[in-house]
1. Within the range 146-172, track down each residue that is outside any loop (DSSP other than H, G, I, E, B) and within 13 Å of the chain's Cα centre (by Cα).
2. Could you look through the range 182-212, keep only residues that are of a type in the set (D, E, K, R) and within 10 Å of residue 94 (Cβ to Cβ), and pick out the one that is surrounded by the most Cβ atoms within 10 Å (Cβ to Cβ)?
3. Scan the range 157-172 residue by residue and report those that are touching a helix residue (DSSP H, G or I) at 6+ places or on another chain (Cβ under 8 Å) and either more than 26 Å from residue 219 (Cβ to Cβ) or among the basic types (Lys, Arg) (or both).
4. Filter the range 173-192 down to the residues that are outside any strand (DSSP E or B), under 17 Å from residue 274 (Cβ atoms) and out of contact with any helix residue (DSSP H, G or I) (no Cβ under 7 Å at 6 or more places or on another chain) and list them by number.
5. Could we say that residue 215 is out of contact with any Pro (no Cβ under 7 Å at 6 or more places or on another chain), open to solvent by 10 Å² or more (accessible area, probe 1.4 Å), part of a helix (DSSP H, G or I) and without any contact (Cβ under 8 Å) to a residue 40 or more places away in the chain here?
6. Could you list, in sequence order, all residues of the range 197-241 that are under 20 Å from residue 253 (Cβ atoms) and of a type in the set (Lys, Arg)?
7. If I go through the range 158-181 residue by residue, how many of them are open to solvent by 50 Å² or more (accessible area, probe 1.4 Å) and at pLDDT below 95?
8. Looking only at the range 112-124, which residues are buried (at least 16 other Cβ atoms within 10 Å of the Cβ), in a helix (DSSP H, G or I) and not aliphatic (A, V, I, L, M)?
Amino acid sequence: MARDLRLRLNREELRRLYISEKKSLEDIARLYGSSRVAVWKYCKSEHIIRRGRSDARLEAQKKGKVPQNFFDINDKFFSKWSSEMAYVLGLIATDGCVSKSGAVSLCINDKDLLEKVKNAMGSAHTIKYYGRQNRLYSFNFSRQRLCADLGKLGIFPNKSLNIRFPDVPDAFLIDFIRGVFDGDGSVFFEKRSPEFPLRTSFVSSSREFITELESKLATLGMPKKNIWQQPTKNSFSFILRYAHKDSIKLFRILYPNPLGNSLFLKRKHERFLQGSQLNGKTAK
């Protein structure tokens, strides 16, 4: 059947229909009285890259074949470094989840930040609320190119234990680390030290990631620190901690003036501000 199809459909027309007009394999098969499998074998023999499941579904939604809403999003967002891209990458690297099917889910308990991330990515997706799970909000998207670019940057399914620190350009390193901090960082007050109570920490399940993070922070002016190891149910957590004075240094690094973009977790920024004002000598 594939040979018969070649007699009726030349390779140029095949490329035009599948690549330019984005017709589905089934549509092309129907036009030429063939089977979907025969069309795909023809495409494969011509080295035509098959659309991923998410992109195929997207085209079906555009053409009204699938009864679901079509949501716009900038699928080139992770193709080029920018201040906003670096921050979102850091947030996904720590607080995001990539499924094997190519869907990305970012779940946090701050809807305003997710709305900002959504807008930065040019997305029209709806932010979903999961009230039964500690008031979590979720931003989900699925595009073949977005997931492919994330993969090139080291963001894969089941990334927690083996994620590596990506090769972030110096110009966007602070934005990336601020995203990492908003995902897996903490800022809090130590009651046993009322005069100098501010504390900050980063935590990761990947020793390699947090070791490189510590090294990068040192290049930005933070003091060298040891990585603490803490056992968990199935593995270990690796923790980087800073006391009061160093936490204020971290605050000044993560939130430079002017800030490159408006992407940051407001409650952590406010806690930093509060902590930096608790002792006048260290806040100067």
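1. As a first pass, look at the range 146-172 and keep what is outside any loop (DSSP other than H, G, I, E, B): 146-152, 170-172.
Once the filter is applied, which keeps residues that are outside any loop (DSSP other than H, G, I, E, B) and within 13 Å of the chain's Cα centre (by Cα), the range 146-172 yields 146, 147, 148, 149, 150, 151, 152.
2. Residues of the range 182-212 that are of a type in the set (D, E, K, R), as a first pass: 182, 184, 190-192, 195, 199, 207-208, 212.
Pick out the ones that are also within 10 Å of residue 94 (Cβ to Cβ) and you get 182, 184.
Values: 182: 24, 184: 22.
Checked the range 182-212; the qualifying residue surrounded by the most Cβ atoms within 10 Å (Cβ to Cβ) is 182.
3. Passing the criteria: 159, 164.
4. 190, 191
5. On the way: out of contact with any Pro (no Cβ under 7 Å at 6 or more places or on another chain): yes; open to solvent by 10 Å² or more (accessible area, probe 1.4 Å): yes; part of a helix (DSSP H, G or I): yes; without any contact (Cβ under 8 Å) to a residue 40 or more places away in the chain: yes.
So residue 215 passes the test.
6. 199, 216, 224, 225, 241
7. 5
8. So the first thing to find is which residues in the range 112-124 are buried (at least 16 other Cβ atoms within 10 Å of the Cβ), and the list is 113-114, 116-118, 120-121, 123.
So of that shortlist, the ones also in a helix (DSSP H, G or I) come out as 113-114, 116-118, 120.
116, 118 - these are the residues of the range 112-124 that are buried (at least 16 other Cβ atoms within 10 Å of the Cβ), in a helix (DSSP H, G or I) and not aliphatic (A, V, I, L, M).
The values are calculated or read from the model by the stated rules, or taken from the named source; none is laboratory data. Keep in mind it's a predicted model, so treat the numbers as computed, not measured. Methodologically, a virtual Cβ is constructed for each residue, glycine included, from the backbone with ideal geometry; neighbour enumeration extends over all protein chains shown. Ligands, DNA and RNA are stripped out before the accessible areas are found, and what is left, the full protein with its side chains, is counted by its heavy atoms. Shrake-Rupley method; radii C 1.70, N 1.55, O 1.52, S 1.80 Å.
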